[in-house]
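In what follows, a structure is listed as structure tokens, so that the remarks can point back to it.
The values are calculated or read from the model by the stated rules, or taken from the named source; none is laboratory data. Values in this document were obtained by computation on a predicted structure and should not be read as measured data. No Cβ is skipped: glycine too gets one built from the backbone with ideal geometry, and neighbour counts run over all protein chains shown.
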Amino acid sequence: MAKPKLPPSVLCLLLFFMAFFAKCHSQEKKVHVVYMGEKLRGNVNVESVHHSMLESILGSTEAAKESLVYSYGRSFNGFAAKLSDEEAAGFSGMEGVVSVLPNTILKLHTTRSWDFMRFNQSPVGGQHGGDVIIGMIDTGIWPESESFSDEGFGPPPAKWKGICQTENNFTCNNKIIGARFYNSENSYYATDIKSPRDSEGHGTHTASIAAGREVAAASYYGLAEGLARGGSPNARIAVYKVCWSSDCSVADVLAAFDDAIADGVDILSVSLGVFFPLEYFEDPVAIGSFHAMKHGILTSNSAGNEGPNRGWISNYSPWSLTVAASSIDRKFVSQLVLGNGQIFTGVAINNFELIGTPLPLIWGGNAANYSGNSMPLQSRFCHPGVLNSHKVKGKIILCEGLGDGSEIIRAGGVGVVMPGLHFEDYASSFPLPVTLISTQDIAIVLEYIRSSHNPIATILHGETWKDVLAPKVVSFSSRGPNVFSPDILKPDVTAPGVDILAAWSPIAYPSVYKGDTRSVKYNIISGTSMSCPHASGVAAYLKAIHPSWSPAAIKSALMTTAYVMDPRKHDDKEFSYGSGHINPEKAVNPGLVFDACEADYIDFLCKQGYNKTVLRLITGEDVVCNGLNTSRQWNLNYPSFSLAIADGQKITGTFTRTVTNVGSPNSTYHVSIYDMPIFLDVKVEPSVLSFSAVGEKKSFTVNVNGPEITQEPIMSGSITWLDGVHVVRSPLVVYNVVSSDIQSYHNPSQRKKKKSTLTGSSMDSRIGTSFSTSCILTYEFFYLTYSIKSAKGSLLYSYQRSFNGFAAKLSDEEVAELSDMDGVVSIIPNMKLDLHTTRS
């Protein structure tokens, strides 16, 4: 039967309203970040520059003033502003703009973990441990926690240039030496506190893992009791609160990077990231960590919690340290005992005590809330509102779906049994007695309920068991390969990220249930958010002992001395754990390091397909990319080797590396090749490296050849240099990718990169030797034709301390105009980023 046709008049009216609402939607102002690369040189009023750019798009001083959110200029150049999509697009083609980013959401990616790594810290933090500053970009901090006591600390080091925002009774001390907070959307929920104070718990947790003081008898309701401490207890903490109950935004994260770099931090710990991979200079964490690297600061990033699927790694830039999450030799179990004597062991952080009393056990499918239009098909999963409180009250409920326990509490239940699914390798806490058992055990328990006249059960108090399989990368930890740079192995290392006890905000909910009103000072949670600060703490420890080491040297020490992981436990091998599990004590004396500087990363970006115009904006220097930018990135001086081969092609690749002697002045290293598949021909030349001084450099070449391979997910081995004292190990991986992907990775004409449309072709001839001169001349022209007043109303942030850029409120048309401006590298909508904790 044919569908009836609409009358022409109705159709026209419908089309009119569709166009009208589409236009209204396109005019909606959203925060975008305009990233413009390296900070301006000289005594320049960066905020005025950003105002004038906004005026050129918005047309008035008033509009620009209302639009601007941040002006970045302390460490890099850019701004955040409220713009429509069209206005943001206008900035994308401007000369001097690297990228325009939407203000998307970013996600927030212990008593035992340090002992598990045999890291006793003697002496703690080295002679100058108190001079090292760790910047925490997170949800803030609870300064009154015992973990952040400043007893015995002197004043902050002289290099510190930061501030402490003391709103709403927040205070710093000689441990927490600085704190800032950012909220570009000016949007707050009831639980949010307008200060650096942490109401979520996440930032307090990560800060105490990285640099918490020693606290005796810390526990979560008696579980995991012991001495809590961070990796660098003597290090100072600088807090940058960018994440709220509604997650984290791009504009705020970049503002935090801008300040942290200029404030004088030594290490940055960033346990958050975008949900999906982005180009390097459209990713706020990659942008911020690049400028941190330029200032000698290592950024430690969480890998993300999108595992176990391959290729979802977050924070994959080669200038940062990407950390996966693995288990420690402790796990929390909660046992279910049925009335027939059967016992099932599940996972949960269960601090409740049913005193072993058997209670009625009911299946959710038998407790449907029919008056609420719920059927057994829904109630079996125990979703909100589906259970009949008369049938559930006082009973333990068997649910076939995962939940936070809120529906059981609402209906009056006293305990719940749920399937663990693929979450059985880490535990979570709930607001009532819970155990998560296997789906096979769920079926057995359900059969017991159906066959028993009076089914009863009890859930025992949680216990701590030894995990003999540790360390093992947890299922949720994001895996490689690196989708944008397949010749760079990611993650770099793994670190403890499962069931970690650390400090907590007493006003944050202590379990997965957001209505949980209990208050705790220490909590147990999991995520790559927890593994990242473990690496950050060790990096700070190394910085204290070796203050002259570069970010790449510290990273290399962590990678080449890592514990070798067991590939038999990991289907994805190095794509799960990189070089291995961090080994803090060995990292102090690695023998050799693979060092790299800004010039090395610029060469890498040339080979990645970025043109010299964009790179000049990013670096603030003249950049020459030698030859055609179609080569592989094999020769970045990276501590690992990755060889992506097009499906059906022969294996062939050549790597060149340079190592720097940081061990004994007179030493000789011999190479060994371990665990390579027999059909791989791997040759290292020379096979012996002799050094006569500390700081001396030697180069070697690795040639890899083999037959055609098809559908080979990963093959691996290692190249190891030994001198009788040191073991300098680098993994080598070979794997298949689709041929078209290889071409797009390495052919600039096929890459979906905005390197031309974001900059403008006339910029080369106008910049000359100094980007800042061209930029200032361009914006002075805007001063002559538009007013400053409008720009000031639009500007949110002016990034100027560490790089150049700004955040502003712009319409879509204004964004489109701004994108055509000289000096604009990119315009980024104000996306939201995720914290990398499983609780998010």
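Only one entry of Thr613, Thr619 meets the criterion of being crowded, with 20+ Cβ neighbours inside 10 Å, among the β-branched types (Val, Ile, Thr) and either touching a Cys at 6+ places or on another chain (Cβ under 7 Å) or at pLDDT 90 or above (or both), and that entry is Thr619. Taking first residues from the range 656-677 that are under 12 Å from Phe700 (Cβ atoms) and partners that are surrounded by 16 or more Cβ atoms within 10 Å (Cβ to Cβ) and at pLDDT below 95, the Cβ contacts under 6 Å between residues at least 6 apart in sequence or on separate chains come to Thr656/Asn635. Could you tell me whether the range 366-379 includes any residue that is closer than 20 Å to Ile524 by Cα and among the small types (Gly, Ala, Ser)? No, there is no match, as no residue in the range 366-379 is closer than 20 Å to Ile524 by Cα and among the small types (Gly, Ala, Ser).
Please work out which residue is nearest to Ile645 (Cα to Cα), limiting yourself to the range 699-732 and to residues that are acidic (Asp, Glu) and part of a loop (DSSP other than H, G, I, E, B).
The extreme case among them is Glu712.
When residues in the range 345-377 are screened for being at pLDDT 95 or above, of a type in the set (Ser, Thr, Tyr) and assigned to a loop (DSSP other than H, G, I, E, B), 0 of them pass. For the range 672-681, the criterion of a residue being within 20 Å of Leu636 (Cα to Cα) and either assigned by TED's automatic domain parsing to the domain that holds Ile719 or assigned to a strand (DSSP E or B) (or both) is satisfied by no position. Just one residue in the set Asn611, Asn626, Asn661, Asn637 is touching a Phe, Trp or Tyr at 6+ places or on another chain (Cβ under 6 Å) and within 30 Å of Lys39 (Cβ to Cβ); that residue is Asn637.
Could you check the range 497-536 and list, in sequence order, the residues that are among the hydroxyl-bearing types (Ser, Thr, Tyr) and in contact with a strand residue (DSSP E or B) (Cβ under 6 Å, 6 or more places away or on another chain)?
Selection gives Ser511, Tyr522, Thr528, Ser529, Ser531, Ser536.
Of all the residues in the range 57-86, those that are buried (at least 24 other Cβ atoms within 10 Å of the Cβ) and over 29 Å from the mean Cα position of the chain (by Cα) number 4. Just one of the numbered conditions (1) within 21 Å of Ala286 (Cβ to Cβ); (2) in contact with a helix residue (DSSP H, G or I) (Cβ under 7 Å, 6 or more places away or on another chain); (3) surrounded by fewer than 23 Cβ atoms within 10 Å (Cβ to Cβ) is not true of Asp647: (1). Of the numbered criteria (1) crowded, with 23+ Cβ neighbours inside 10 Å; (2) at pLDDT below 95, the one Ser579 fails is (2). Within the range 154-196, if we keep just the residues that are within 24 Å of Asn103 (Cβ to Cβ), not in a loop (DSSP other than H, G, I, E, B) and not aliphatic (A, V, I, L, M), the residue that is farthest from the chain's Cα centre (by Cα) turns out to be Glu167. Of all residues in the range 201-241, those satisfying the criterion of being part of a strand (DSSP E or B), touching a Lys or Arg at 6+ places or on another chain (Cβ under 8 Å) and either surrounded by fewer than 24 Cβ atoms within 10 Å (Cβ to Cβ) or of a type in the set (Gly, Ala, Ser) (or both) are Val215, Ala218, Ala224, Gly226.
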